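Undergrad: First the structure, then my questions, so here it is.
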Amino acid sequence: MTSDDLIRARGLRKSYATATSSQQVLSGIDLDIAAGEFVVVLGRSGSGKSTLLNLLGAMDRPTEGQLTIGGQRVDRLDEAGRTLFRRRHVGFVFQAFNLIPTLTVSENLRLPLELNGLDADADDRIAGYLERLGLADKTDRYPEQLSGGEQQRVAVARALVHEPSLLVADEPTGNLDLETGREVLALLDRMTREAGKTLVMATHSPEVIGIADRVLTIRDGRIQASSS
Ligand code: ADP
Ligand code: MG
């Protein structure tokens, strides 16, 4: 791990156990990701992309192996520790947008700031993001009053507004039509780079391969190939 690496994973394994059996989904992932890097994770459905992203985003805990993010041993954190870690250091963008339906656009953006005790300049920050996203006139709308593309733009802003070091995006264009998906990708790429953040994205979208810094493919529980 160089001083420029944000993420270092060694021998990461993840198994899911049911009452009768256990399935090993990741069987030894070694991975370094530099601060500011944009890495795409490919792999067929069921190959473990979401499982890997959930480990990197501290949503879930590896069965075995070491995971260091920003110098912190995330694999050693318990659930409460992971919640605090995520809140401060990670932003998520999901396929299904996952905005909170009972909160307006600006309230959705305010939530990660409040959770981090960053409410001092919250109004200005939120207004700045909505302006850059072309959503200034949608501030007081509820998610269901927005198109899918607009909801995902809000979700991108929500993932960045508290300035986490890592953005995790799990098939962020999966519910969008091609053109809208392209717009959201361009936005995610531009805003993440402007902010100097690290982006790890699972996707099926071939366009992403061109704009990413590195493409990883998961197969049989391992990272099969790496290209730059
Ligand atoms: P992908 O995102 O590449 O489609 P996933 O990481 O979602 O793949 O799933 C990989 C495998 O792990 C699948 O076989 C899936 O059924 C299994 N899996 C994922 N999450 C769970 C879970 N919470 N419990 C049990 N099995 C799971
Ligand atoms: Mg998935």
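Undergrad: Out of Ala19, Ala80, Ala35, Ala58, I need the residue that is out of contact with any His (no Cβ under 6 Å at 6 or more places or on another chain) and open to solvent by less than 20 Å² (accessible area, probe 1.4 Å). Which one?
TA: None of the other options fit; the residue is Ala58.
Undergrad: Thr63 fails exactly one of the following numbered conditions: (1) over 26 Å from His204 (Cα atoms); (2) loosely packed, with under 14 Cβ neighbours inside 10 Å; (3) of a type in the set (Ser, Thr, Tyr). What is the number of that condition?
TA: In the conditions (1) over 26 Å from His204 (Cα atoms); (2) loosely packed, with under 14 Cβ neighbours inside 10 Å; (3) of a type in the set (Ser, Thr, Tyr), Thr63 misses (2) alone.
Undergrad: Also, I was wondering about something else. Exactly one condition in (1) of a type in the set (Asp, Glu); (2) within 16 Å of ligand 2 (Cβ to nearest atom); (3) free of Cβ contacts under 8 Å to residues at least 24 places away in the same chain is false for Glu194; which is it?
TA: (2)
Undergrad: So Gln72 clears everything in (1) away from ligand 2 (no atom under 16 Å from the Cβ); (2) surrounded by 18 or more Cβ atoms within 10 Å (Cβ to Cβ); (3) over 12 Å from Ile29 (Cα atoms) except one condition, right? Which one?
TA: Condition (2) is where Gln72 drops out.
Undergrad: Quick one: in region 187-210, of everything that is open to solvent by 60 Å² or more (accessible area, probe 1.4 Å) and modelled with pLDDT of 90 or more, which residue is nearest to Asn175 (Cα to Cα)?
TA: Across region 187-210, the extreme among qualifying residues is Arg190.
Undergrad: So which pairs qualify, if the first residue must be in region 129-144 and among the small types (Gly, Ala, Ser), the second must be assigned to a helix (DSSP H, G or I), the Cβ gap must be under 6 Å, and the two must be at least 6 apart or on different chains?
TA: Qualifying pairs under 6 Å: Ala136/Leu130.
Undergrad: Out of (1) open to solvent by 30 Å² or more (accessible area, probe 1.4 Å); (2) closer than 19 Å to Lys138 by Cβ, the odd one out for Val184 is which?
TA: (1)
Yes/no per residue for (1) within 16 Å of ligand 1 (Cβ to nearest atom); (2) in a loop (DSSP other than H, G, I, E, B); (3) more than 24 Å from Thr51 (Cα to Cα); (4) not basic (Lys, Arg):
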position: Gln152; (1), (2), (3), (4): no, no, no, yes
position: Val156; (1), (2), (3), (4): no, no, no, yes
position: Leu188; (1), (2), (3), (4): no, no, no, yes
position: Thr192; (1), (2), (3), (4): no, no, no, yes
position: Val200; (1), (2), (3), (4): yes, no, no, yes
position: His204; (1), (2), (3), (4): yes, yes, no, yes
position: Val208; (1), (2), (3), (4): yes, no, no, yes
position: Leu216; (1), (2), (3), (4): yes, no, no, yes
position: Ile223; (1), (2), (3), (4): yes, no, no, yes
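Undergrad: Does region 101-116 contain at least one residue that is open to solvent by 50 Å² or more (accessible area, probe 1.4 Å), under 20 Å from Gly196 (Cβ atoms) and of a type in the set (D, E, K, R)?
TA: For region 101-116, residues open to solvent by 50 Å² or more (accessible area, probe 1.4 Å), under 20 Å from Gly196 (Cβ atoms) and of a type in the set (D, E, K, R): absent.
Undergrad: Hey, another quick one. Residues to consider are Val41, Val74, Val105; find the one that is within 16 Å of ligand 1 (Cβ to nearest atom) and either of a type in the set (A, V, I, L, M, F, W, C) or over 27 Å from Gly221 (Cβ atoms) (or both).
TA: Of Val41, Val74, Val105, the one residue that is within 16 Å of ligand 1 (Cβ to nearest atom) and either of a type in the set (A, V, I, L, M, F, W, C) or over 27 Å from Gly221 (Cβ atoms) (or both) is Val41.
Undergrad: Next question. Just give me the residues in region 1-15 being more than 13 Å from Thr198 (Cβ to Cβ) and modelled with pLDDT under 95, in sequence order.
TA: Met1, Thr2, Ser3
Undergrad: For region 37-54, indicate whether the set of residues that are small (Gly, Ala, Ser), more than 16 Å from ligand 2 (Cβ to nearest atom) and touching a strand residue (DSSP E or B) at 6+ places or on another chain (Cβ under 8 Å) is non-empty.
TA: no
Undergrad: Read through the list (1) part of a strand (DSSP E or B); (2) more than 16 Å from the chain's Cα centre (by Cα), then give the number of the only condition that Thr180 fails.
TA: Here Thr180 clears every test but (1).
Undergrad: Go through region 166-178 and count every residue that is open to solvent by 40 Å² or more (accessible area, probe 1.4 Å) and in contact (Cβ under 8 Å) with a residue 60 or more places away in the chain.
TA: Of the residues in that region, 2 qualify.
Undergrad: Every residue in region 108-142 that is under 11 Å from Val154 (Cβ atoms), within 21 Å of the chain's Cα centre (by Cα) and not aromatic (Phe, Trp, Tyr), please.
TA: Asn108, Leu109, Ile126, Leu130, Leu133
The values are calculated or read from the model by the stated rules, or taken from the named source; none is laboratory data. Quick caveat: nothing in here was measured; it's all calculated off a predicted structure. Cβ sites come from the backbone with ideal geometry, for glycine too, and all protein chains shown count toward neighbours. For accessibility, only protein heavy atoms count, side chains too; no ligands or nucleic acids. Shrake-Rupley method; radii C 1.70, N 1.55, O 1.52, S 1.80 Å.
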